[in-house]
1. Taking the Cα centre as origin and putting +1 on Lys and Arg beta-carbons and -1 on Asp and Glu beta-carbons, what dipole magnitude results for the range 4-161, to the nearest 20 debye?
2. Quote to one decimal, in nm, the extra length available between Asp85 and Glu10 on full extension: 0.36 nm per residue of separation minus the C-alpha distance between them.
3. Order of 72-84, 46-58, 14-26, 95-107 by packing, highest average Cβ count within 10 Å first?
4. Using a 7 Å offset from the Cα along the Cα-to-Cβ direction at both Asn126 and Leu143, what is the distance between the two label points in nm, to one decimal?
5. To the nearest 500 deg cm²/dmol, what mean residue ellipticity at 222 nm is calculated for the chain from DSSP H runs of n ≥ 4 alone, each contributing -39,500 (n - 2.57), summed and divided by the residues?
6. Return the aspartates and glutamates within reach of Lys14: Cα separation strictly under 12 angstrom, same-chain partners fewer than 8 residues apart disregarded; answer none if there are no such residues.
7. Report, in order of residue number, the helices in the chain meeting two criteria: a C-alpha extent of 18 Å or more along the helix axis, and a mean Kyte-Doolittle hydropathy of at least 0.0; treat each whole DSSP H run as one helix.
8. Going toward the positive end of the dipole of the chain, with +1 on Lys and Arg Cβ and -1 on Asp and Glu Cβ, which of Trp84, Ala128, Gln36 do you reach last?
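All of the numbers you see were taken from the coordinates with simple rules; none came from a lab. Because the structure is a prediction, the values reported are computed rather than measured. Cβ placement follows ideal geometry from the backbone for every residue including glycine, while neighbour counts extend to all protein chains displayed.
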Amino acid sequence: MGLLIVFTGEGKGKTTAALGMALRAAGHGLRVCFVQFIKGSWRYGEIEALKRFEGLIDLHVMGKGFTWKSENMEEDARLAREGWDFACAAIASGVYHTVVLDEFTYLLHYRMLELATCLEFLAGRNPAQHVVITGRYAPEPLLAAADLVTEMRMIKHPLKSGIKAQKGIEF
């Protein structure tokens, strides 16, 4: 039975948890589509690692970066809709065991996409397919629709002590 899985919350580790699931599926020879909605063209270590799983994990980076700092929200909304259309096609293709929608909750939080329409589409997917959604501010209806929800909660973070982001830890 396919699950709708949500990793949300203010803490670190949401994308990393989704990557772990992608790697687990790939380890069993199952195909994964990993769609990143917000991170843009930054170079992350995990993205470089995914390239080693070519043929099992397909990575697609959508959008152009941190939307909430954008000077052109209209363009960001257009890119969000394009990314969602792409994700819908991947989900409907029947090719993938798991589809990850990384940072997808931001598109819902900033109302770039209609929540009810997204939930309806996800409910109608192949019943054997898993969909993993990550990001802060997951709306309550998404949490209610999900089969598994994990909230990452920050208790302590090195940034608060003045330690900058480090390669291999934050990116």
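1. Working: 18 positive and 18 negative charges, 123 e Å.
So the dipole magnitude of the range 4-161 works out to roughly 580 debye.
2. Details: separation 75, 0.36 × 75 = 27.00 nm, distance 2.72 nm.
Result: 24.3 nm gained on full extension.
3. Numbers: 72-84: 16.4, 46-58: 14.2, 14-26: 18.9, 95-107: 23.5.
Descending mean neighbour count gives 95-107, 14-26, 72-84, 46-58.
4. If labels sit at Asn126 and Leu143, their model points lie 3.1 nm apart.
5. On the way: 6 runs with 60 residues, N = 171.
Only helices count here, giving -10500 deg cm²/dmol.
6. Reachable aspartates and glutamates: Asp102, Glu103, Glu151, Glu170.
7. Numbers: long enough: 14-27 (20 Å, 0.56); 73-92 (28 Å, -0.07).
Passing helices, by number: 14-27.
8. Of the candidates, Gln36 comes out farthest on the positive side.
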